[in-house]
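Read-outs: derived from the displayed coordinates by stated rules, not from any lab. Because the structure is predicted, anything quoted here is derived from the model rather than measured. As a convention, Cβ positions derive from the backbone with ideal geometry for all residues, glycine included, and neighbour counts pool all protein chains shown.
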Amino acid sequence: MSINNYEWNLENEWLEKVLKETTKQLDEKREAKDRLQKEAKETQRELWNDLGSVSITNGLDQISEFVSAMDTMKNQKRSHEFNKKLEEKYEKMLLSPYFGRIDFLEKNELDAEKCYIGLSNLTDEDFDFLVYDWRAPISSMFYDYEIGQAGYECPQGVISGEITSKRQYKINNGIIEYMFDSNLSIDDEMLQELLSKSSDDKMKGIVTTIQKEQNQVIRNEDYKNLIVQGAAGSGKTSVALHRIAYLLYKHRDRITSQNIIIFSPNNIFNDYISNVLPQLGEENMYQTTFKDYMHKKIGNGFRKETPSEMMEYILDSNETLTYKDRIKNINFKTSVEFMNILKEYINHLETKERKFEDIIVRDKLIISSQEIQKLFLNDFADRPIKKRLEKIKSRILFLIEPYEEAWIKEIYEELDSSGYYIDRQEMKEESTLTVKKQLKDVYDKISRMTEFNVVNIYRNLFKYSNKFLNRLATSYDKNFINHIKTYTMENLNTRNLYYEDQVALLYLKVALGDAPATSQIKYVIIDEAQDYTPLQYEIFYQLFKSAKMTILGDINQSINPFMNVGNYNNIYNISKDDTCIINLTKSYRSTMEITKFSRKLLIENINDEYVERHGEEPNVIGFSHESHMNKKLIEEINNYKEKNYKSIGIITKTARETRDLYNLLKANNIDVVSIEKDDDSYTNGVLVIPSYLAKGLEFDVVFIHDVSNKNYNSEDERLLLYTCCTRALHVLNIYYLGEITSLLK
Ligand SMILES: Nc1ncnc2c1ncn2[C@@H]1O[C@H](COP(=O)(O)OP(=O)(O)OP(=O)(O)O)[C@@H](O)[C@H]1O
C-alpha cells in the first residue's frame, strides 16, 4: 500500500520529534558522563594525596577514608558503565530509532495508540512512550498479529483490542529510506530484501522481521524446557539469541548475561554468533562448547580426543581392523543401553557395601568399620558418593583429633621432664612430629578408604564386566562385550581418552558428585542439539538442575552418525512434565532452488515451507580429471568474487582435504583462509572448511568439493552432505570426480 504525502509529512514530523528527544537525552548523558569523569579524577587525586601521607597517629582514620574512597570509585565506575551503555543506545537510536509501528485500539478506548517499535524504549518527560522496545509486551503484537483483533499479555493480564494499522520502516542515518503499510504479520518485502543481501562478516540480528512462529519461541516461558526442532535455515540460532535478549530484558531485575550459558558446536560458531547480542544492545552470554566444558572438568593427565578429531577419524575411514574396533566402541558407548548400564552402575555403587576398616588409635577403637558403613549407606545416603566419602573422612579426623592432641601432650610432657629440651616450640614440634609419624598408617588407611578416583571407577566397570556389562548389555553377545572390555582397558592404560569415553567419565563424575551442579546459571541454551547423545543430555540436566533449558536442533543435520540424540523422545522423557516440543516450519536461508535440491537428499520428505526467493539452480558438475576440477574451481571463485559475493565457502569432507585444497588455492594466488580445528576463528571471504565444522555457518556461495562416489560412499554421510548443501544462501556448486555419489543420484 503506498503512502500519501500527508502521511509522509506526519511520519517525518514524528521522526524529527523522536530524534530531537533522543539528542536531548544523549546530551544529558554525555554531560553526566563528563561530570562523572571529573568527579572520578577528583576522588583519585584526593586518594593519592591521602595515601602519600599516612601517618602513625591518624593512620586508622586515613585507612577508613581510603576504603570509603574506594567504594565511591566503585560506584563511579558502575555509573560510568551505565551511562556509557545509555550513550551507545541513544547513538544507535539516532541512526535508526524504530522499524515498525502498530496502531492499537484498546478495548473500551476511543483512540488508537500509535506504537513505534525499535531496539530500545524511548520515553519523553511525561513518561509517554515515543518508541517501545521490541521486547516490551505490547510490541509482541507487531510480530503476532495482522490488522484486526489482537491482544497481548502483560503483568496486569491480557489486554485486548484491535490493530487498526501496521507499518514498517527502513530508517538509515536518521532518514526514512522507505516505509510501507502491511496487512501481513511481517511483510515479505522486507524479509526478501534482507535475505537477498550478501552475508555479513558475522551473524546478524533479525529483530525487524522476526516471524510469528519464531516470536512464539522467543517469548515462550510456559515450560521449564523447550525443545525446538527446525529445518535447516529456519532461524533456530537467531531465535536462540533473540530469546536471550528477550529474557535479559524481561527479567532485567534478576538476571544478567552471566546467568545464561550457550553451548555451541565449536568455537568458530561461537565467534560467528558473537555480534548478535551486542547489536541488540545486550552483553554476550557465557559461550562455551561441550568439549571445552568437559575438558576443564576432566582435567589433565590424559590425551583427550576432540570431537573434530573423532569426526575426522570416522570420515577418513578405512576398513582396517582398528577402524572397525573403534566404530564398535563408539557405537556401544553412545547407545541408550550403555547409558542405562552406567545408571545401574551408579545405583550399585551408591547402595552396595564398601570396604571399610576399623580405625584404631593406640588400641582404642575410634570408629568401627560397621559404623563407617552405616554413615555411608544411611546417614549420608542423600549425598553423592564423593561427598559421602569426604564427610566420612572429616568425621573420622574429627573423632581422632582429641586422641591425637592428648598423645601430643603426653609426649610433650615426657620431653619436658627429660631435661634435654629448653625451647618450648622445639618440644611442640618434636612431639607433634612423633605423633604424626605414629599415626601415618592410620591416616593412610583413612585416605585409602575414602579415596575417590573416577577413572578407577570407570575402569572397574570394565574390569569386573561379568557383573554389569554381561548381565545388562542384553543386546550384545559375550564376545562383543569382552572385546569392548579389553579395548577400553587398553586405552585407559595408555592414558588415551576417546571422546565417547570422556562423555561416560564426565557422566560418572557428575552423578557421583565430582562436578558439582552450578546454581548461578538460570538459563541454558543448547544449539545444534541433534549432535548430543542422550547421555550428554543427562549431564546437562544434572549440571544445571535448576536452570531452564532451550534446546534447538534439526534431526536431519545429525552429522555424526553415532554421537547424536537419535530421537527427541530420548530427551523429552528426561523431564516430561516440564518440557514442550515446538517446530519451526519455514526455511529462510537459501533460495527456493537450493532448498528444494537439498531436501531431495533426505530419505523422509520434509514439507516445511520456505521463503519464495529465487536464484540459479545448483550447479552439479562432473570432471574426469582432478586438474580440470581444480581449474574450474579457481575460475569460478574469481568469478563470484567479481560479482561481489562476500563469503565463499569451499566445503571439503575432511580436514586433510581442506589443507590440500587450501595449499592449491594459495599457490594459485587466491586470497583464501582455511579452518581446520574447532578453535580457529571465523572470517568472511574465501574460506575452505571441512564439512563437520561448517554446520551452523552460512555462505553466499558454497562449493562442495569432490562429491564423488568414492568420497561420499556411505549412507552414514547422507545427513552430512545435506548439512553442507544447506549452508548456501544464493549459489550452490557441487563438483565431483568420476562418478557422482549415489546419495545424489
Ligand atoms: N525472521 C527472519 N528474518 C530475516 N532473516 C532470517 C529470519 N529467520 C532466519 N533468518 C536468516 O536465515 C538464516 C538462517 O538462520 P539461522 O542460522 O538462525 O537458522 P538455523 O535454523 O539455526 O540454521 P541451521 O540449522 O541450518 O544452521 C540467517 O541468515 C538468518 O539471518
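Modelled label positions at Asp325 and Lys387, each set 7 Å beyond Cα in the direction of Cβ, lie 4.0 nm from each other.
Couplings 3J(HN,Hα) for the stretch 8-25, derived from phi with the Karplus relation 6.51 cos²θ - 1.76 cosθ + 1.60 (θ = phi - 60°), are 4, 4, 4, 5, 5, 5, 4, 4, 4, 4, 5, 5, 4, 5, 4, 4, 4, 5 Hz, where x marks Gly and Pro. Treating the angle as unsigned and between 0 and 90°, give the value, to the nearest 10°, between the Cα long axis of helix 336-351 and the longest Cα principal axis of the chain. Helix 336-351 and the main axis of the chain meet at about 30 degrees. Out of every Cα-Cα pair that the stretch 363-508 contains, those further apart than 28 angstrom amount to 48 percent.
The convex hull drawn around the Cα atoms of the stretch 103-162, when projected onto a plane and averaged over every direction, covers 4.3 nm². Taking label points 7 Å from Cα along the Cα-to-Cβ direction, Lys364 and Asn569 give a separation of 6.3 nm.
When the Cα positions of Leu377, Asn83, Thr22 are compared along the charge dipole of the chain, Leu377 comes out farthest toward the positive end, with charges on each C-beta of Lys, Arg, Asp and Glu.
Number of Lys-Lys pairs in the stretch 202-327 with C-alpha atoms under 24 Å apart and a separation of 8 or more places or on different chains: 15. Less than 5 angstrom separates the built amide H of Ile704 from those of Ile651, Asn733, Ile734, Tyr735, all sequence-distant by 5 or more or on a different chain.
Over the stretch 421-571, the pair-distance histogram of Cα-Cα distances with 10 Å bins from zero comes to 9, 24, 27, 18, 9, 7, 4, 1, 0 percent, rounded to whole numbers.
Among the listed pairs Lys409/Lys437; Lys33/Lys74; Lys393/Lys463; Lys29/Lys92, a Cα-Cα separation exceeding 23 Å is found for Lys393/Lys463. Spin-label pair Tyr178-Ile159: with each label point 7 Å from Cα along the Cα-Cβ axis, the two points sit 3.2 nm from one another. What separates the Cα centres of the stretch 598-621 and the stretch 95-162 is a distance of 38 Å.
The angle between the Cα long axis of helix 499-511 and the longest principal axis of the Cα atoms of the chain comes to about 70 degrees, rounded to the nearest 10.
Here Arg303, Arg395 are placed in order of increasing Cβ neighbour count within 10 Å, fewest first, which gives Arg303, Arg395. The fewest-to-most ranking of Thr306, Thr658 by surrounding Cβ atoms within 10 Å reads Thr306, Thr658.
For the stretch 318-361, the list of trypsin sites (Lys or Arg not before Pro) that fall in a loop by DSSP and count at most 10 other C-beta atoms within 10 angstrom reads Lys352, Lys355. A helix-only calculation puts the chain at -15000 deg cm²/dmol for mean residue ellipticity at 222 nm, using -39500 (n - 2.57) for each DSSP H run of at least four residues, averaged over all residues. In terms of its Cα atoms, the stretch 444-491 spans 42, 22, 12 Å along the principal axes, sorted from long to short. Computed over the stretch 251-331, relative contact order equals 26 percent, with contacts defined as Cα pairs under 8 Å that lie 6+ residues apart. Sorting Glu87, Glu739 by the number of Cβ atoms found within 10 Å of their own Cβ, with the fewest placed first, yields Glu739, Glu87. Considering all C-alpha pairs of the chain, those separated by over 40 Å amount to 50%. Multiplying each eigenvalue of the alpha-carbon gyration tensor of the stretch 213-279 by 5 and taking the square root yields semi-axes of 19, 17, 11 Å, largest first, rounded to whole angstroms. Counting every C-alpha pair in the stretch 551-705, the share spaced more than 28 angstrom apart comes to 32%. Computed extension length for Thr486-Arg45: 151.7 nm, one decimal, from 0.36 nm per residue of separation with the Cα-Cα distance subtracted. Look at the alpha carbon pairs under 8 Å that are at least 6 residues apart: their mean separation over the length of the chain gives a relative contact order of 13 percent.
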